[in-house]
Amino acid sequence: YIGINQCSIFLKYIDLDKEDTPTTVAYMKAEARFLRAYYYFCLFRQYGPVFLWFDQTPDENIDAKTIDRHTVDQNIEFIESELWDVAQILPTDLTEIPTIDPSTWTGRATKGAALALRSRVLLYAASPLVNGNPDYIGFNNPDGTPLMSTTYDPEKWKRALDAAAAAIALADEI
């Protein structure tokens, strides 16, 4: 959550940046959203469904025992939609940003990285681990809300396939 918090703080204050062009700021905002989605996915893989702060700055004083996790589908939907949105903003290649020196932005997020991670997230969501796994019957929040659907959904495989095809199609264009 430290990385997620840092990304959220960055997003809250980046519009105060008067040194960079609006285009560069837009790319940096998209990168921060990409990183935040990646950090959420890392948490999700490690711990299962987690609490999502969405666009608000996390409350560092909150007691973890007083909040409920969001469901697997909510986690996947948030991560996937963030990655899809930033893929529409991020450049395919760093040379597309006229105001920066590409050698100073080496290793930055690109459209291909966002689409590839989105594909992986949706493949994970379609896998038998979280798609209709009966082992998770009774895996609920304290209020009784099921965190994971135990009903198999073949549509998740279709979404994963479409996401992989979009990432591959982009790679073929380059």
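The values are calculated or read from the model by the stated rules, or taken from the named source; none is laboratory data. Quick caveat: nothing in here was measured; it's all calculated off a predicted structure. Glycine gets a Cβ as well: all are built from the backbone with ideal geometry, and neighbour counts include every protein chain shown. Side chains included, ligands, DNA and RNA excluded: accessible areas come from the protein's heavy atoms. Shrake-Rupley method; radii C 1.70, N 1.55, O 1.52, S 1.80 Å.
Going by a ≥ b ≥ c, the root eigenvalues of the Cα gyration tensor, does region 19-73 fall in the rounded group (a/c under 1.5), the prolate group (a/b larger than b/c) or the oblate group? Please report the intermediate quantities before stating the final value.
Numbers: a/c = 3.42, a/b = 1.91, b/c = 1.79.
Prolate, since a/c reaches 1.5 and a/b exceeds b/c.
For helix 2-13, what angle does its Cα long axis make with the longest principal axis of the chain, in degrees from 0 to 90 and rounded to 10?
Roughly 50 degrees between the two axes.
Using a probe of 1.4 angstrom, how much of the accessible area of the chain is carbon and sulfur, in percent?
On the way: 5460 of 9910 Å².
Carbon with sulfur: 55 percent of the solvent-accessible area.
Which order do the peptides 161-171, 55-65, 82-92, 108-118 come out in when sorted by mean C-beta neighbours inside 10 angstrom, highest first? Present the calculation step by step, with values, prior to reporting the outcome.
Details: 161-171: 15.2, 55-65: 9.3, 82-92: 19.4, 108-118: 22.3.
For the peptides 161-171, 55-65, 82-92, 108-118, the packing ranking is 108-118, 82-92, 161-171, 55-65.
If you line up the long axis of helix 155-173 against the longest principal axis of the chain, both from Cα atoms, how many degrees apart are they, to the nearest 10?
Orientation of helix 155-173: about 20 degrees from the principal axis.
Under 8 Å for C-alpha pairs, at least 6 residues apart: give me the relative contact order for the chain, rounded to a whole percent. Mind dumping the intermediate values first?
Numbers: 208 pairs, mean separation 35.4, N = 174.
So the answer I get is 20 percent.
By what distance, in whole Å, do the Cα atoms of the chain stretch along each of the three principal axes, largest value first?
Cα spread of the chain along its principal axes, largest to smallest: 53, 44, 19 Å.
Which of L94, L52, L129 ends up with the largest GNM mean-square fluctuation for the chain, with Cα atoms connected below 10 Å?
L129
So how far, in whole Å, is the C-alpha centre of region 62-105 from the one of region 117-174?
Rounded to whole Å, the Cα centres lie 17 Å apart.
What is the angle, in °, between the Cα long axis of helix 22-47 and the longest principal axis of the Cα atoms in the chain? Nearest 10 is fine, range 0 to 90.
Approximately 30 degrees, to the nearest ten.
With the other protein chains left in place, how much accessible area per residue, in square angstrom, belongs to region 34-73 at a 1.4 angstrom probe? Don't skip to the answer; put the middle values down first.
On the way: 2380 Å² over 40 residues.
Here the per-residue accessible area is 60 Å².
With +1 on each Lys and Arg Cβ and -1 on each Asp and Glu Cβ, how big is the dipole of the chain about its Cα centre, in debye rounded to the nearest 20? Mind dumping the intermediate values first?
Values: 15 positive and 25 negative charges, 71 e Å.
It comes to approximately 340 debye.
What FRET efficiency comes out for the pair D85/N141, r = Cβ-Cβ distance, R0 = 25 Å, nearest 0.05?
0.35
Which stretch or stretches of region 102-131 have amide N atoms under 20 Å from the point lying 7 Å from W157's Cα along the Cα→Cβ direction?
From region 102-131, the list is 119-131.
Provide the FRET efficiency to the nearest 0.05 for the D15-E173 pair, computing r from the beta carbons and using R0 = 25 Å. Before the final figure, lay out each step's value.
Numbers: r = 32 Å, r/R0 = 1.27.
Plugging the Cβ-Cβ distance into 1/(1 + (r/R0)^6) gives 0.20.
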